[in-house]
Each structure stands twice: as structure tokens, then as C-alpha cells.
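S.K.: What follows is a structure written as C-alpha cells; I'll ask about it next.
The values are calculated or read from the model by the stated rules, or taken from the named source; none is laboratory data. This is a predicted model, so every value here is computed, not measured. Quick reminder, even Gly has a Cβ in these numbers, built from the backbone with ideal geometry, and neighbours come from all protein chains shown. Note: areas computed on protein heavy atoms with side chains; ligands, DNA, RNA excluded. Shrake-Rupley method; radii C 1.70, N 1.55, O 1.52, S 1.80 Å.
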Amino acid sequence: MLVTKTKRALTAAAGIAALFGATSAAAEYGLNLTTGVTPISREAYDLHMLILEVCIGIGVVVFGAMFISIIKHRKSRGVQPSQFHESTTVEILWTIIPFLILVGMAIPATKALVAMEDTSNADLSIKVTGYQWRWGYDYVDNGISFISSLATPKDQIYNKAKKDEHYLLEVDKPLVVPVNKKVRLLITANDVIHAWWVPALGMKKDAIPGYINEMWFKVEKAGTYRGQCAELCGKDHGFMPIVVVAKDEADYEKWVAEQKGEAKADEQAAQRTWSRDELMARGEKVYNSSCAACHQANGEGVPGAFPALKGGAVTTGPVAGHISLVLNGKPGTAMAAFANQLSDVELAAVVTYERNAWGNDTGDMVQPSDVKAAR
Amino acid sequence: MSTATTHDAHHEEHPSGLMRWVTTTNHKDIGTLYLLFSLLMFLVGGAMAMVIRAELFEPGLQFVEPQFFNSMTTMHALIMIFGAVMPAFVCLANWLIPMMIGAPDMALPRMNNWSFWILPFAFAILLSTLFMEGGAPAGGWTMYPPLVMQTGNAFPFLIFSVHLMGISSIMGAINVIVTIVNMRAPGMTMMKMPLFVWTWLITAYLLIATMPVLAGAVTMLLTDRFFDTSFFNAAGGGDPVMFQHIFWFFGHPEVYILILQAFGIVSQIIPTFARKPLFGYSSMVYATASIAFLSFIVWAHHMFTVGMPLTGELFFMYATMLIAVPTGVKVFNWVSTMWRGAMTFETPMLFAIGFVIMFTIGGFSGLMLAMAPVDFQYHDTYFVVAHFHYVLVTGAVFAIMGATYYWLPKWTGHMYNEKLGKLHFWLSTISVNVLFFPQHFLGLAGMPRRIPDYSVQFAGFNEISSIGGFAFGLTQLLFVYIVFKTIKGGEKATDQVWEGAHGLEWTLPSPPPYHSFSTAPEVK
Ligand code: HEM
Ligand SMILES: [Cu+2]
Ligand SMILES: [Cu+2]
């Protein structure tokens, strides 16, 4: 790591050059807040620009005076120091003027805040639940409900494959909303505090266990908008993105109908008996998306933090205990309750998988109906 | 300073060697211990920052796993705040307050010894968690439950070390207050005290008022975890947001605990090198006091997104914006002090000017963050990271470095190497801006803080920021070199050291005698 002094100066110079070079490539780099696609996000943007300009204005005056002084009032120019050291008038002035500027800022800020907090008269309500480390969405009005998790493959994260355009900002199942409708989110969390944030929608809100927070947005342009969890929530905090797809009314209705169809199919699937291969195949998928983050793909866990499932007491012990642990989690630890996150089929599959993978070979098979009974 | 000569000059017995440092009750020895400790912690915390910037150099996970990354951000913050910046200010209090007010020593010398010697234990405990099962604390320096409850075996050690740091700070603060109130030389009225003494006095009250609040909050975490209470556990009827209120009731005054003395330092340095008295002395004192008062009623600006009622958000927004007024007064006063002075630009002055400019930039971003409707966008992004590093690194740390250059000749009797000092300033200033300025852009473009990996759109500025980070880190080795070289030797410093310096400490010889003022000087 040791570089020579000249090299160090060069790197610093290169860094600064890059800094200024970057300004011209603002679009690529993203320098500023986005204007976004909602009334709120525009309001936030306008306020941001206003206060930024006020700060720059004050900065120019203050730093300007300082630089003039630094250039003109230096001993090397043979000046004699003046000895003045107070002036009540000036001091009162520069208390009052900033105060008035602040009042001027507070007025539009208050207006914006009142508008942002007004969640009344929503057209659609969606409950958002933060889990370690995925988001759950429940459409309050029509019963659609799903979990949305990171879709970026591990290989890209560990630099074994090329990163694609939306690296870390892509999910398996995005939140879909209609455009030009006031959507109200009811935000909560299941384990620790998270925060739901999509910059283009203009607001973030914490998802807190035991609380239901509200926020709203009205997307004005169909499109895909990406964001991330914005409150430290543990190991994979950087890996729980949010994707919102805003669709026109007709497309949105079509999507709702599809979802309802899928829900029906799932219900039927939960009623039939599954074969061992089916369970193992589905179980592996579920395991990798829901469990492997902590217990690792090879089932060996992380010593001291996350227990091994390979040869583990629970995974090779009684089936009922295993199902119950996965359903209810282990309070006070990072082990979540998956009862609300996974369906009966998924739970049955993943428990079957954990009991037979990595040489656990208990031979047990768990059916969706077993999970349903244990709930 | 050889022990033999101090022996001759004094009637008291001082143990020599290691025991001298363990048993010392002398304000200068203790000040030196604090300085060295703080320097060590600055390097340890800095090494952690290097790990963070290395991992963030490009997208993808290269060097560390996410959990360890979170431990690094958590430990970096705790070590820098409680281990580097706060002890550095206590070092300055010890060295300077008795000399500035004309006292022989601090009022409570044994307690002084204790308040230092608790610290190495506190940080040994904290650092030992790196080797524990479950790893070091990784829930952020803010220790929000429920996440912090997922800490492994490190949990009780984290709490205990925070308790120890708090005890040490409170003892230091009591000592400062008792010394300033009781031991001023005749004629040294309150309104004649140097501003550094004033700012420390006010800070000491802030410490006594807030440290117990932190101790209470972490104790409640402890009982939640081990004794089945549910203060912060929603499932048991508790409230996780209550922790945040209590924490920030401590936390916001804490950020001023980290900056008020820096205001004091800069108010000492600028008049010296402008050869002109400080402009608006009394308004400086009142501004400091009003900042201290306001700092108790703005805490929830850290929590605009937790879902407070509208009126609550409005109150905390207005109160926070109000803090900009006294802060502005200070900046205007410093600029007016320079105005029509006869300035020279030795290293301490460079750091003071750097402080005024870059601290003000941090103040501007603070003002932006105060606007609740926009904070919904800024909160928990790199914009906040840029804000607090401008006020803490180019603010507090720059002031501490300026203070070191300013008073080191007095303490050691040797001048530091001016060329190297200036080089250190310029390298630091350039690299620190390459490091933190782009973080404003990252935050505005939407990069959350506390993440080990990021999407490709953020790659450019992160790379620049990391380069600045490595350069800044390396540059600080130069600072360590300069300080140790000056302690060892160098050109002899005069008693006044700086042409424009005024104040009691400059009337003492360089280095000053073991007991600063054995007979109180008369202040006119
Ligand atoms: C004009 C004065 C200032 C104002 C108006 C101000 C305002 C704010 C606001 C509103 C936040 C919360 C941002 C967020 O999380 O969304 C914040 C964060 C912070 N500020 Fe300031 N600030 C000021 C000066 C300072 C000073 C002097 C310091 C310390 C020396 C400081 C240190 C911090 C720190 C450490 C944080 C982040 C804490 C964390 O979340 O980890 N600020 N500031
Ligand atoms: Cu998170
Ligand atoms: Cu604050």
C-alpha cells in the first residue's frame, strides 16, 4: 500500500481531475436528486434546489469576504492590523437576516410537509412488511400477496460473473401499482427496523416492528422505479432492493387478474400430494432464496452466528419440531418466522429439502397438508 | 523532560518510568496520555475506515463479508467518536485549562488519573469483541434495537464498554467544571476567560447532562436482552422507537460535544495569526450557550422517517433550522476577525481557515438536512455521511490538529517542522475533499449508507472517494511523524511562541514547569 509521495500527489490530482471531469458526465454519474415521477418528489426536488441555492449564495458572500481578507490583509503586504473587535449593529444584523432567510425557507417546507403527510383519500392501499432481507407486499383491497427478494445471482456479487445493468436493484417479483392513482402504503416490519425508499417516488418511511407507518405516492408516468432498504437491518441490508412497476390502468387490471389466477393454482397445489423429487427441487429453490443467506448453500452455517443445518439437531430431529421452528422462528435471534413469508408448498418443500440434503438423509417427506396442520 | 531535573526542581516525589504514568496526577502528564491514546485510536479507527473504503472501491464483494463490513462501520464510528475525538479534547482541556486560567493543576487530580485510566480498559473490551463468537457489534454506532439484540457474545461487552466511556467522560467533565469555577487567577472573570475555556465549560455541562441518558438507554438494552424486560420490544409491549428518542436526546448534544471546543480552538488561533482581537467575544459566548441549549430540543431531526406526527416533525424542523443562526454568528465573527488584520499562515492558521471553510460546508448540508420534507430523500444516504464527515473530520479533527500544531511548541519547548506541517495540511485538505465531497453526489443519486456493495451506477464516485480515503489515511502517518519528531527535539521555542499570541499560557516558559502557576498571576 505504500506509495511514494509524488505518486500520492499524482493520485490526488487524478482524483480531483476525475471529480471535475465527472461534472460534465453528470447524467452517467448521477450528481443530483432526481425530479422523480410523483408530485411529492417534485416538491422535494424544488425545495432541495431552493435551499441549495440559498446555501451557495451565503457561501459566496462569506467565503468571498474571507478570501478578499486572506489576499489583502496579510502581513507580508506590510499592513497594520486594525484593532476593532465589536459592532453591535453588525452583530444584530447578521442574527436577524439569517433568521428571516430561515423563515422564508420554513414556509414552503411546511407546505410541502403537510402535503406529504396527508395520506387520506387513497385509491389503493398496500401493506408493506420488511423482513430480514426481503419485502412482503399485501394488497389490502384485493388479497394479492407476495414476497419480493433480490434477484441478482451470487456469482455477480462475488465477481465471478459480469454484473448486469440493474445489479443489486432487481427483484424476483416487483411491486405493481397503477399510474395516476393515490397509493397508500402501510409499512411495518417483522423482525428489525427497515426503511422503504424509492428515490423517484420522493419519500422514505421506516418499517418498524409493532408500528404501522403510512406514506403515499401517485406515480404519473408508467415505468420501472428502483430503490433500496434505507435502514441498517443486519448482514444483507445492502441486498434487499425495491422495484416498483407502474402500469396503465388496463395493464394493471390484467396483472391483477393474472395474480388471482396464480393464487388459485397455488391453492390447488397445496391440496395435492407432492412427490419426493418435486419437493426436493422446489425446496432447493426456496432454500437458496430464503435460507442460504445465513445458513449457507452448503448447509454449514457460519460458526458463532448462524447454526449449521448439515447434521443439525433440529434438521435431523423430530419433524414437528423442525416445522414449528421454521414457521415461528426463534425470537431474539436472526431466525425469522417464515409462516407469513412462505406458502404451505414452499414450507413443505424446504423442510423436506433440509432434512435430506447435504447427507442429512432422514428420508422424511413433509407434505403441504402437514404444514397447514402445524400452522 | 527528564525525570531527574523535575526531581531536582520539586519537593515532591514522582515515581519514574512506567509507574510515573500509571500513578500520575499531573495535568500535563495526563494530557499527554490522552494525546497518545487518542492518536492510537485515531490510527485504529482509521485502519477500519481503510477496510471500508477498500471494500467500496468497486461494486461486488472483494475483501470482507457483509457482516464484518457492518462491524467495521460500527466500530469505526464508536472508536473515532469516543476514542479519538473526545479524548483529544480532554487532552487539550488538561494541558490548557490550568495554564489558561492561571491555576497550578486541575482541581481533582486523582479523579483525573482515573478518568484517563478507565479508557484503555473500555477500548480493550470493545476491541476484544472483534475476536468473539458472533463477531464485533454490527448494528451501527446508534445501536438501534431490535437489530442490536442480534449481536452475538459481544453484546454485554459493548454495553459495558459504553458504560466505562461514559463514566470516564463524566469524571473529566466534573473536573473541568470544578477547575474553571474555583481555580481562576484573581482578576480572571468569567467574561475574560479565553473562549476555549468557555466552550469547554459549556461542553462539560452537556456531557454531564447527556452521558447518563446514554448509560440509561444501553442499560435498558441490557435488561431487555438478559432480564426479560421489554422496554424496546414491541412484542412485549415495548417500543423500539423510544430507544431512538432516548439515544438522540443524548446523540444530538453529543455531536456538539464534539464540536464546541473546536469552536473554542479556532477562536484562539485566528486572532493570534490575524494579530487582531477576536471579533464579538461576548456574542461568541452567547452563541455557544444558545447552541448548547438548542441542542437539547432538536434530537428528532435524526428520526424524521420514523413516522412522527406532523406537529412533531414541524417542531423539530423549526428548532433545527434555528441552530443555524448562532452557528452562522460564529462563522461571521471569525471572518470579521480576519478582516483588516495582518495575517500570516503558519500551519495552525491553515488548519483554522480550513476549518472555517469546510465546517461551514458541513453546516450548509446540515441546514439542508434540517428541512424535513427533503430529509425524507437525504436520510440514511451518503449525503448524511458527507455531512457528518465535513463537520467531524474537517471540523473537529482539523481543529484538533490545528491545536496540536499551535500548542505543541509550548508543551514540548520545540518548534515543529513548518514545511512538513504545511505539507501535512495541504495533502490532508486535498485528499479529504476528494474523499468526502463526492459522497454528497452519491447520496443525492440515491446510494444508502451502511451498505457493503452497491449498484453499478455508483461506481465512479465511490472509486474517487476511496482514492481520496487512502491518500488521507496515508497522510496522517506524516502527522504522527511530525508530532513524535517535535516531542523528541527541534528548534527551541520562545515563551510566546507566536508573535500575535496573547493569554496566560504564553507567559509561562516553553516547556512550562511541572506545576503550571504555583503562584497565581494577576489578571488586569
Ligand atoms: C448547522 C448545524 C447543523 C445542522 C442544522 C445539522 C443537522 C443535521 C440533521 C438534520 C441530521 C440528520 C440527517 C439524517 O439522518 O437524515 C444530522 C446528522 C448528523 N450530524 Fe448534523 N447538523 C449540524 C451540525 C452538526 C455538527 C456541528 C456535527 C458534529 C460535529 C454534526 C454531526 C452529525 C452527525 C454525526 C450526524 C449523523 C448521525 C448518524 O445518523 O449517524 N452535525 N445533522
Ligand atoms: Cu435494511
Ligand atoms: Cu443532530
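S.K.: Of the residues in segment B:134-162, how many are more than 18 Å from B:I451 (Cα to Cα), crowded, with 24+ Cβ neighbours inside 10 Å and facing chain A (nearest Cβ under 9 Å)?
M.R.: Summing the residues that are more than 18 Å from B:I451 (Cα to Cα), crowded, with 24+ Cβ neighbours inside 10 Å and facing chain A (nearest Cβ under 9 Å) in segment B:134-162 gives 2.
S.K.: Can you tell me which condition A:I323 does not meet? The list is (1) touching a residue at least 60 places away in the same chain (Cβ under 8 Å); (2) in a helix (DSSP H, G or I), and all the others hold.
M.R.: In the conditions (1) touching a residue at least 60 places away in the same chain (Cβ under 8 Å); (2) in a helix (DSSP H, G or I), A:I323 misses (1) alone.
S.K.: Now for a separate question. Just checking, which of B:G395, B:G421 is in a helix (DSSP H, G or I), in the same structural domain as B:I482 (by TED's automatic domain parsing) and within 16 Å of ligand 1 (Cβ to nearest atom)? Break it down stepwise before answering.
M.R.: Numbers: B:G421 fails: within 16 Å of ligand 1 (Cβ to nearest atom).
Every option except B:G395 fails the conditions.
S.K.: When A:E300 is evaluated against the numbered criteria (1) buried (at least 19 other Cβ atoms within 10 Å of the Cβ); (2) not in a helix (DSSP H, G or I), which criterion, by number, is the only one it fails?
M.R.: For A:E300, the failing item is (1).
S.K.: Just to be sure before I move on: is A:G261 farther than 19 Å from B:Y378 by Cβ, surrounded by fewer than 18 Cβ atoms within 10 Å (Cβ to Cβ) and free of Cβ contacts under 8 Å to residues at least 12 places away in the same chain in the structure I sent?
M.R.: Working: farther than 19 Å from B:Y378 by Cβ: yes; surrounded by fewer than 18 Cβ atoms within 10 Å (Cβ to Cβ): yes; free of Cβ contacts under 8 Å to residues at least 12 places away in the same chain: yes.
Spelling it out, A:G261 is indeed farther than 19 Å from B:Y378 by Cβ, surrounded by fewer than 18 Cβ atoms within 10 Å (Cβ to Cβ) and free of Cβ contacts under 8 Å to residues at least 12 places away in the same chain.
S.K.: Same structure, new question: Of the residues B:F121, B:F131, B:F82, only one is more than 16 Å from ligand 1 (Cβ to nearest atom), closer than 14 Å to B:F160 by Cβ and open to solvent by 10 Å² or more (accessible area, probe 1.4 Å); which? Quick ask: steps written out before the conclusion?
M.R.: On the way: B:F131 fails: closer than 14 Å to B:F160 by Cβ; B:F82 fails: more than 16 Å from ligand 1 (Cβ to nearest atom).
B:F121 is the lone residue from the list that is more than 16 Å from ligand 1 (Cβ to nearest atom), closer than 14 Å to B:F160 by Cβ and open to solvent by 10 Å² or more (accessible area, probe 1.4 Å).
S.K.: For B:I464, which of the numbered conditions (1) touching a residue at least 60 places away in the same chain (Cβ under 8 Å); (2) more than 22 Å from the chain's Cα centre (by Cα) fails to hold?
M.R.: For B:I464, the failing item is (1).
S.K.: Are any residues in segment B:206-233 without any contact (Cβ under 8 Å) to a residue 40 or more places away in the chain and over 20 Å from B:F82 (Cα atoms), and if so, which ones?
M.R.: B:M220, B:T223, B:F227, B:D228, B:T229, B:S230, B:F231
S.K.: Give just the number: which of (1) within 13 Å of ligand 2 (Cβ to nearest atom); (2) more than 14 Å from chain B (Cβ to nearest Cβ) does A:M240 not satisfy?
M.R.: (2)
S.K.: With the condition kept exactly as written, say whether any residue in segment B:445-458 is within 22 Å of the chain's Cα centre (by Cα) and at negative phi. Full working, then the answer.
M.R.: Going through segment B:445-458, the residues within 22 Å of the chain's Cα centre (by Cα) turn out to be B:449-450.
Restricting the remaining residues to those that are at negative phi gives B:449.
Within segment B:445-458, one or more residues are within 22 Å of the chain's Cα centre (by Cα) and at negative phi.
S.K.: Looking at A:E86, A:E91, can you tell me which residue is assigned to a loop (DSSP other than H, G, I, E, B) and either touching a residue at least 40 places away in the same chain (Cβ under 8 Å) or surrounded by 14 or more Cβ atoms within 10 Å (Cβ to Cβ) (or both)? Even if it seems obvious, please write down each step before you answer.
M.R.: Details: A:E91 fails: assigned to a loop (DSSP other than H, G, I, E, B).
Residue meeting the stated conditions: A:E86.
S.K.: Does segment A:254-261 contain at least one residue that is more than 16 Å from ligand 3 (Cβ to nearest atom) and touching a Leu at 6+ places or on another chain (Cβ under 6 Å)?
M.R.: No; the residues of segment A:254-261 include none that is more than 16 Å from ligand 3 (Cβ to nearest atom) and touching a Leu at 6+ places or on another chain (Cβ under 6 Å).
S.K.: Follow-up question, since we're still on this one. Output yes when any residue across segment B:383-396 is away from chain A (no Cβ under 14 Å), surrounded by 24 or more Cβ atoms within 10 Å (Cβ to Cβ) and more than 30 Å from A:P199 (Cβ to Cβ), and no when none is.
M.R.: yes
S.K.: Restricting attention to segment A:207-235, report how many residues are charged (D, E, K, R) and away from chain B (no Cβ under 11 Å). Break it down into steps so the answer makes sense when it comes.
M.R.: At the first step, the residues of segment A:207-235 found to be charged (D, E, K, R) are A:214, A:218, A:220-221, A:226, A:231, A:235.
Cutting the leftovers down to away from chain B (no Cβ under 11 Å) gives us A:218, A:220-221.
Matching residues across segment A:207-235 total 3.
S.K.: Restricting attention to segment B:96-104, does a residue exist that is open to solvent by 10 Å² or more (accessible area, probe 1.4 Å) and either part of a helix (DSSP H, G or I) or not assigned by TED's automatic domain parsing to the domain that holds B:N175 (or both)?
M.R.: Within segment B:96-104 (the criterion being open to solvent by 10 Å² or more (accessible area, probe 1.4 Å) and either part of a helix (DSSP H, G or I) or not assigned by TED's automatic domain parsing to the domain that holds B:N175 (or both)), the answer is no, since none of the residues qualifies.
Results for (1) more than 9 Å from chain A (Cβ to nearest Cβ); (2) farther than 16 Å from A:Q228 by Cβ; (3) of a type in the set (A, V, I, L, M), shown as yes or no for each residue.
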site	(1), (2), (3)
B:L420	yes, yes, yes
B:T429	yes, yes, no
B:V432	yes, yes, yes
B:M447	no, no, yes
B:Q457	no, no, no
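S.K.: Further question on the same structure: Quick check on segment A:307-358: of everything there that is of a type in the set (F, W, Y) and open to solvent by less than 40 Å² (accessible area, probe 1.4 Å), which residue is farthest from A:D191 (Cα to Cα)?
M.R.: Kept after step one, since they are of a type in the set (F, W, Y), are these residues of segment A:307-358: A:338, A:353, A:358.
So of that shortlist, the ones also open to solvent by less than 40 Å² (accessible area, probe 1.4 Å) come out as A:338, A:353.
On the way: A:F338: 11, A:Y353: 25 Å.
Result: A:Y353.
S.K.: Out of the residues in segment B:213-245 meeting the condition of being assigned to a loop (DSSP other than H, G, I, E, B) and within 11 Å of another protein chain (Cβ to nearest Cβ), tell me which one is farthest from ligand 1 (Cβ to nearest atom). Walk me through it before giving the result.
M.R.: Taking segment B:213-245 and keeping what is assigned to a loop (DSSP other than H, G, I, E, B), we get B:227-233, B:237-239.
Subsequent filtering for residues that are within 11 Å of another protein chain (Cβ to nearest Cβ) retains B:228, B:230, B:232-233, B:237-239.
Values: B:D228: 30, B:S230: 25, B:F232: 18, B:N233: 23, B:G237: 27, B:G238: 22, B:D239: 20 Å.
Applying the filter and picking the extreme gives B:D228.
S.K.: Among the candidates B:L61, B:L39, single out the residue that is touching a residue at least 60 places away in the same chain (Cβ under 8 Å), outside any helix (DSSP H, G or I) and either within 30 Å of A:A293 (Cβ to Cβ) or not assigned by TED's automatic domain parsing to the domain that holds B:F436 (or both). Reasoning before the result, please.
M.R.: On the way: B:L39 fails: outside any helix (DSSP H, G or I).
B:L61 is the lone residue from the list that is touching a residue at least 60 places away in the same chain (Cβ under 8 Å), outside any helix (DSSP H, G or I) and either within 30 Å of A:A293 (Cβ to Cβ) or not assigned by TED's automatic domain parsing to the domain that holds B:F436 (or both).
S.K.: Would you confirm whether or not segment A:122-131 contains a residue that is in contact with a Leu (Cβ under 6 Å, 6 or more places away or on another chain) and part of a loop (DSSP other than H, G, I, E, B)?
M.R.: The answer is no; no qualifying residue exists.
S.K.: Report, by residue number, each residue of segment A:24-81 that is facing another protein chain (nearest Cβ under 7 Å), at pLDDT below 90 and either open to solvent by 30 Å² or more (accessible area, probe 1.4 Å) or outside any loop (DSSP other than H, G, I, E, B) (or both).
M.R.: A:Y29, A:L31, A:N32, A:R74, A:K75, A:V79, A:Q80, A:P81 - these are the residues of segment A:24-81 that are facing another protein chain (nearest Cβ under 7 Å), at pLDDT below 90 and either open to solvent by 30 Å² or more (accessible area, probe 1.4 Å) or outside any loop (DSSP other than H, G, I, E, B) (or both).
S.K.: If you check every pair at least six apart or on different chains, which have Cβ atoms under 8 Å apart with a residue in segment B:273-298 that is over 19 Å from B:E499 (Cα atoms) first and a residue that is modelled with pLDDT under 90 and part of a helix (DSSP H, G or I) second?
M.R.: From residues that are over 19 Å from B:E499 (Cα atoms), the pairs are B:G280/A:E91; B:S283/A:E91.
S.K.: Also: Being within 15 Å of ligand 1 (Cβ to nearest atom) and buried (at least 23 other Cβ atoms within 10 Å of the Cβ) narrows it down to one of B:I451, B:I464, so name that one.
M.R.: Numbers: B:I464 fails: within 15 Å of ligand 1 (Cβ to nearest atom).
None of the other options fit; the residue is B:I451.
S.K.: With respect to the numbered conditions (1) more than 10 Å from chain B (Cβ to nearest Cβ); (2) open to solvent by 60 Å² or more (accessible area, probe 1.4 Å); (3) over 20 Å from B:M317 (Cβ atoms), which one is the sole condition not fulfilled by A:I107?
M.R.: (3)
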